[in-house]
Amino acid sequence: DVKVTQSSRYLVKRTGEKVFLECVQDMDHENMFWYRQDPGLGLRLIYFSYDVKMKEKGDIPEGYSVSREKKERFSLILESASTNQTSMYLCASRGTGGYTEAFFGQGTRLTVV
Amino acid sequence: GENVEQHPSTLSVQEGDSAVIKCTYSDSASNYFPWYKQELGKRPQLIIDIRSNVGEKKDQRIAVTLNKTAKHFSLHITETQPEDSAVYFCAASRGGGFKTIFGAGTRLFVKA
C-alpha cells in the first residue's frame, strides 16, 4: 500500500514563526510536490522537486522554501509565517514516466494567528 | 504560464442523473489528463485518467473524453449516487514532465 505521510494533521503557529512541514513517501518516487488548497482556488503548486537537492518554483513560491536532502523526504519551510499562509497544505509524490498518478498525503491544516 | 480551467465550480444533481465537469488546458504539450476525487476531509485520489492518444476512456459509471484540437477534456458520471458527492479536480501534465497543473475543482452534490 503506497504511502505519503505528512508529519502533522493540524498546526497552529504565530505570525513570524519559522514553520516546517514534513512529508515522507515510501514509493521511491523521484518527484515530490507541495500544494496549498484554498476554497475556490483548487490546488496551487508551491514548489516541486524532481531529484535529491533539486527544486523548482511552482506558481506561488513567495514566502516559502523547500528542502530535499533525501529522496523520501520533502520539507516545506515558511521562513516567517503570516496570516495569509493559513491554508491546507498537501504533499504529493509521483514516479518518473509520462503517465503516472500523483499520490497525496493526508494534508496539514495550518493556522497562523 | 500553463493553466487549467475547470467548470462548473459547483454542481448539484439528483441521484440517478448524470454529471458533467469540463476542463480546458493551455499547454499544447500536455499529454496526460488525470481526474482526482477528494471526499470531505480526505486526500485527493485518482479515479480515472486519459492519455493524449486516446479520445475516450470509460470505467463503469465514469468516462472521460479528450478533444486535443480544442484542448478540452471532460468527466462524465452516469447514474450518480450520494457517495459520488465530493470535490473533483482535473489536471494536465506533460509526458515525463515534473509538473501537474490542477483545475480549481468542482464540488459535486448528489441529492438523494
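Mind listing whichever residues of segment B:52-105 are among the basic types (Lys, Arg) and more than 13 Å from the chain's Cα centre (by Cα)?
Listed by number, the residues that qualify are B:61, B:68, B:71, B:94, B:99.
Has segment B:72-84 got at least one residue that is within 10 Å of chain A (Cβ to nearest Cβ) and of a type outside the set (Ser, Thr, Tyr)?
No.
Report yes if residue B:71 is within 14 Å of residue B:5 (Cα to Cα), of a type in the set (Lys, Arg) and surrounded by 14 or more Cβ atoms within 10 Å (Cβ to Cβ), otherwise no.
yes
Of everything in segment A:6-31, what is small (Gly, Ala, Ser) and within 22 Å of residue B:42 (Cα to Cα)? Give them in sequence order.
A:7, A:8
What number of residues in segment A:69-113 are within 14 Å of another protein chain (Cβ to nearest Cβ) and among the β-branched types (Val, Ile, Thr)?
Total satisfying the criteria: 3.
Could you say whether any residue in segment B:50-60 is surrounded by 15 or more Cβ atoms within 10 Å (Cβ to Cβ), within 30 Å of residue A:55 (Cβ to Cβ), at pLDDT 95 or above and facing chain A (nearest Cβ under 10 Å)?
Looking through segment B:50-60, none of the residues is surrounded by 15 or more Cβ atoms within 10 Å (Cβ to Cβ), within 30 Å of residue A:55 (Cβ to Cβ), at pLDDT 95 or above and facing chain A (nearest Cβ under 10 Å).
Among the residues of segment B:1-42 satisfying the criterion of being among the charged types (D, E, K, R) and closer than 15 Å to residue B:67 by Cα, which is nearest to the other protein chains (Cβ to nearest Cβ)?
B:5
Mind telling me which of the residues B:65, B:80 ends up being without any contact (Cβ under 8 Å) to a residue 24 or more places away in the chain, buried (at least 17 other Cβ atoms within 10 Å of the Cβ) and touching an Asp or Glu at 6+ places or on another chain (Cβ under 7 Å)?
B:65
So residue A:33 clears everything in (1) under 23 Å from residue B:94 (Cα atoms); (2) touching an Asp or Glu at 6+ places or on another chain (Cβ under 9 Å); (3) crowded, with 21+ Cβ neighbours inside 10 Å except one condition, right? Which one?
(2)
Tell me which residues, restricted to segment B:83-112, are of a type in the set (Ser, Thr, Tyr) and either surrounded by fewer than 16 Cβ atoms within 10 Å (Cβ to Cβ) or not in a loop (DSSP other than H, G, I, E, B) (or both).
Listed by number, the residues that qualify are B:88, B:93, B:100, B:106.
Being closer than 27 Å to residue B:92 by Cβ and in contact with a helix residue (DSSP H, G or I) (Cβ under 8 Å, 6 or more places away or on another chain), is that true of even one residue in segment A:45-63?
Checked segment A:45-63: at least one residue is closer than 27 Å to residue B:92 by Cβ and in contact with a helix residue (DSSP H, G or I) (Cβ under 8 Å, 6 or more places away or on another chain).
Out of B:28, B:74, B:93, report the one residue that is in contact (Cβ under 8 Å) with a residue 40 or more places away in the chain, under 30 Å from residue A:50 (Cα atoms) and out of contact with any strand residue (DSSP E or B) (no Cβ under 9 Å at 6 or more places or on another chain).
B:28
Given the options A:40, A:16, name the one that is assigned to a loop (DSSP other than H, G, I, E, B), within 11 Å of chain B (Cβ to nearest Cβ) and touching a Ser or Thr at 6+ places or on another chain (Cβ under 9 Å).
A:40
Test each condition in (1) within 11 Å of chain A (Cβ to nearest Cβ); (2) over 24 Å from residue A:4 (Cβ atoms) for residue B:107 and report the one that comes out false.
(2)
The values are calculated or read from the model by the stated rules, or taken from the named source; none is laboratory data. Computed from a predicted model, the values in this text were never measured in an experiment. Glycine gets a Cβ as well: all are built from the backbone with ideal geometry, and neighbour counts include every protein chain shown.
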